[in-house]
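The numbers here are math on the coordinates, done by the rules we state, and not lab data. Owing to the predicted nature of the structure, the values given are computational and were not obtained by experimental measurement. Note: ideal-geometry Cβ built from the backbone for every residue, glycine included; neighbour counts use all protein chains shown.
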Amino acid sequence: MSYNNMLLKHARELASFLFNVNGEDFFPDGCVVEVSPSTGKLRRIWLNGVVLATIRPSDGMISLTLEGGMRLAKLSPGVKHRVVVNQEGETRVKNGFDVSPANVIAVDESIIPGQDVLVVDSAGSLLAVGKAVLSGIEMKELRRGTAVKVRHKI
């Protein structure tokens, strides 16, 4: 097995673990791995010239791009990995703001702080991807602060 194939296998296993999806569906054959020239470690996963995800050097976890978020939304049904926002929250996200807990109307309660999540509207359409600041339960109960730090928006 080549080094690149080994890294792609690692990325698939990580996606399976973090998102509870089939890693080979999330990072299919044809994905290209980008390696850090200084460390030799996995940095980005590309598919058809588009970055799907970046591996955070600080903790080795997956950081989704918008394209990766769209892939996850297709592979993961229901509210899994999702933060559903109301109309005001939708407008705020579209204007470049983070998600406030006051705008959360439904959430996957298994979300933990630091996890990448999908921000969707009440119809389930993807608005953004970002990093959870609060747990899913806290997002439902709190009214102030930041629930999700938005990284990429539609």
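Which value in nm describes the separation of the simple spin-label points at Glu88 and Asn20, placed 7 Å from the Cα toward the beta carbon?
Between Glu88 and Asn20, the simple spin-label model gives 3.1 nm.
Taking a ≥ b ≥ c as the square roots of the Cα gyration tensor eigenvalues, with a/c under 1.5 meaning rounded and otherwise prolate when a/b beats b/c, else oblate, which class fits the stretch 55-154?
rounded
From the cross-link list Lys94/Lys149; Lys94/Lys131; Lys41/Lys153, which pairs have alpha carbons spaced over 22 Å apart?
Lys41/Lys153
Going by how many other Cβ atoms sit within 10 Å of their own, how do Arg12, Arg144, Arg56 line up, fewest first?
Listing Arg12, Arg144, Arg56 from fewest to most nearby Cβ atoms yields Arg144, Arg56, Arg12.
Which whole-number percentage describes the relative contact order of the stretch 3-74, with Cα contacts under 8 Å and a sequence gap of 6 or more?
Once normalised by length, the contact order is 21 percent.
Based on the alpha-carbon gyration tensor of the stretch 3-74 and its eigenvalue square roots a ≥ b ≥ c, which shape applies: rounded if a/c is under 1.5, prolate if not and a/b is larger than b/c, or oblate?
Rounded, because the longest to shortest axis ratio a/c is under 1.5.
Please compute the modelled spin-label separation between Met61 and Arg143, points set 7 Å along Cα→Cβ, answer in nm with one decimal.
That separation, rounded to one decimal, is 2.9 nm.
Residues of the stretch 23-46 with amide nitrogen under 16 Å from the 7 Å Cα-to-Cβ point of His10?
So the set is 32-46.
Nearest 500 deg cm²/dmol is fine: what mean residue ellipticity at 222 nm does the chain get from its DSSP H runs of n ≥ 4 alone, each adding -39,500 (n - 2.57), divided by its residue count?
Rounded to the nearest 500, the figure is -8000 deg cm²/dmol.
Can you tell me, using C-alpha contacts under 8 Å and at least 6 residues apart, the relative contact order of the chain as a whole percent?
So the answer I get is 17 percent.
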